Amino acid sequence: MDIFLITGKPACGKDTQADFIAKKFKAKKIITSKLVGNFLSNTALNKIKIGNSVIDLEKQRKIPEQGKLWNPKLVSFVLSKELLKAIKLKKSIVISGSPRTLAEAKDYFDILNKNLNKENYHFINLKISDKTSIKRALLRKRNIDDSAKVVKERLNVFKKQILPTIFFLKKQGVLMEINGEKTRKEIFAEICKKVEKKFKC
């Protein structure tokens, strides 16, 4: 079994590469935004206690339209369950859009490092420029998340909150950095090349 976690700037191609990985490595695809969004939609609770923190779920439900990130403890709480479930069932999964904060990165790394060998989990960062991020997002125009104002806010969030996770994973020696400016197939070929030698892509 293998676990893949893909992060990067807005519109870097996380979902597309997750599709390719899911098909090639027979992995279940999980989109972080949908997973947490479904949790928030399906729970009747207005507040939830995680550790020593009480999280206001009503406020969390409004986060996406503001271009900000959900409370990292909430995201980690939801996603950690998926990681542990996959490990228990020995099922490969690919997670698009995580980790997004240093707290999440530490939680996921701790879980994976304790339960799997390093060759069985892969943190992937798809690197693109701010210009490319904005251009791709505006071309999609699928929802409110893709407006120029929100994309720029998300890029600011990336620099403040996601970059520290990338530095942390680099320091641990578990980050796979991929040039996201290439074509979809070229990006996937680079991922395959850098994954494990036991796989032939």
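The values are calculated or read from the model by the stated rules, or taken from the named source; none is laboratory data. The model shown is predicted, which means the values in this text are computed figures rather than measured ones. Here Cβ is always computed from backbone atoms with ideal geometry, including for glycine, and neighbour counts include all displayed protein chains.
Please pick out the residue among Phe158, Phe168 that is of a type in the set (Phe, Trp, Tyr) and at pLDDT below 95.
Working: Phe168 fails: at pLDDT below 95.
Only one candidate passes the filter, namely Phe158.
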Q | Residue list for the range 157-193, filter: closer than 16 Å to Ser129 by Cα, in a loop (DSSP other than H, G, I, E, B) and β-branched (Val, Ile, Thr) | A | Thr183
Q: Go through Lys9, Lys28 for me and flag whichever is closer than 14 Å to Ser92 by Cα and of a type in the set (D, E, K, R).
A: Lys28
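Of the residues in the range 70-107, how many are aromatic (Phe, Trp, Tyr) and either surrounded by fewer than 21 Cβ atoms within 10 Å (Cβ to Cβ) or farther than 14 Å from Val36 by Cβ (or both)?
Step one: of the range 70-107, the residues aromatic (Phe, Trp, Tyr) are 70, 77.
Going one step further and asking which of them are either surrounded by fewer than 21 Cβ atoms within 10 Å (Cβ to Cβ) or farther than 14 Å from Val36 by Cβ (or both), we end up with 77.
Residues meeting the conditions: 1.
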Q) For the range 124-160, what are the residues that are of a type outside the set (Val, Ile, Thr), out of contact with any strand residue (DSSP E or B) (no Cβ under 8 Å at 6 or more places or on another chain) and surrounded by 18 or more Cβ atoms within 10 Å (Cβ to Cβ)? A) Ser133, Arg136, Ala137, Asp146, Arg154, Leu155, Phe158
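Do you know which residues across the range 28-56 are within 30 Å of Lys193 (Cβ to Cβ) and part of a helix (DSSP H, G or I)?
In the first step, residues of the range 28-56 are kept if they are within 30 Å of Lys193 (Cβ to Cβ); the result is 28-35.
Across the range 28-56, the qualifying residues are Thr32, Ser33, Lys34, Leu35.
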Q. Name the residues in the range 91-128 that are among the basic types (Lys, Arg) and not in a helix (DSSP H, G or I), would you?
A. Lys91, Arg100, Lys127
(Q) Based on this model, can you work out whether Ile93 counts as in contact with a helix residue (DSSP H, G or I) (Cβ under 9 Å, 6 or more places away or on another chain) and modelled with pLDDT of 95 or more? (A) yes
Q) crowded, with 19+ Cβ neighbours inside 10 Å, touching a strand residue (DSSP E or B) at 6+ places or on another chain (Cβ under 6 Å), touching a residue at least 24 places away in the same chain (Cβ under 8 Å) and in a strand (DSSP E or B) - does that describe any residue in the range 11-27? A) no
Q. Can you pull out the residues in the range 33-53 that are modelled with pLDDT of 90 or more, within 25 Å of Val94 (Cα to Cα) and either hydroxyl-bearing (Ser, Thr, Tyr) or more than 22 Å from the chain's Cα centre (by Cα) (or both)?
A. Ser41, Thr43
